Amino acid sequence: MTLSKKNRHSTTNQNGLTDKQELFLVRILQALEDNSYDTPDPKELAQELGVPVQSVAGMLKLAEKKGLIVAVSEDVLYTPKQLEAMRSTLRDTFGETHFSLSQARDLFKTTRRYMAPLLDYFDAESITVRTEEGRTISAEPLPRGVPMTRTQETSSPPESEGFKIP
């Protein structure tokens, strides 16, 4: 479909976003993935992208609803790809042995600001199991291809089906 300059930003795609909004979403996702483990919070994202924080906050809510990001805390955001990479790294490094928050923090060369909510999220999703000795990786690995998303309270199907980012 060819759009004239006049109509270029007023049409929506199958995702319900204008081309401009989809491009903005792609920029946000790229900014998160560019920062590996120390992802920018919404305010930092807004500064990095040169846009109002309200614009970033709105797009982050949409991205989370679509399953494109996971908020492990209010200010710590990851893509499912990043979460899977960190889960795999923990499994490959620690196997069945116990590990502490500080060991995980050192492994990823990050701070408690990121690691504490990440491990709390992994505990809540049964990816890790917290015991008196520390944490271990769950014996039941997440099946390949199943995205990690915060547990939904409803049993309705995810709304992310069919949402594609170029």
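The values are calculated or read from the model by the stated rules, or taken from the named source; none is laboratory data. Every value quoted in this text rests on a predicted model; they were computed, and no experiment measured them. We place every Cβ from the backbone using ideal geometry, glycine too, and count neighbours over all the protein chains shown.
Do we find a residue being in a loop (DSSP other than H, G, I, E, B) and free of Cβ contacts under 8 Å to residues at least 60 places away in the same chain anywhere in region 111-119? No, region 111-119 contains no residue that is in a loop (DSSP other than H, G, I, E, B) and free of Cβ contacts under 8 Å to residues at least 60 places away in the same chain. On the stretch given as region 110-153, residues that are under 18 Å from residue 78 (Cα atoms), of a type in the set (Val, Ile, Thr) and either surrounded by 16 or more Cβ atoms within 10 Å (Cβ to Cβ) or at pLDDT 85 or above (or both) total 5.
Counting only residues that are in contact with a helix residue (DSSP H, G or I) (Cβ under 9 Å, 6 or more places away or on another chain), over 16 Å from residue 109 (Cα atoms) and loosely packed, with under 15 Cβ neighbours inside 10 Å, region 79-96 holds 1 of them.
Taking into account only those residues within region 34-78 that are of a type in the set (S, T, N, Q) and in a helix (DSSP H, G or I), which is surrounded by the most Cβ atoms within 10 Å (Cβ to Cβ)? Among those that are of a type in the set (S, T, N, Q) and in a helix (DSSP H, G or I), it is 55.
Rundown of residues vs (1) polar (S, T, N, Q); (2) touching a strand residue (DSSP E or B) at 6+ places or on another chain (Cβ under 7 Å), yes/no style:
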{"position": "23", "(1), (2)": "no, no"}
{"position": "39", "(1), (2)": "yes, yes"}
{"position": "53", "(1), (2)": "no, no"}
{"position": "73", "(1), (2)": "yes, no"}
{"position": "108", "(1), (2)": "no, no"}
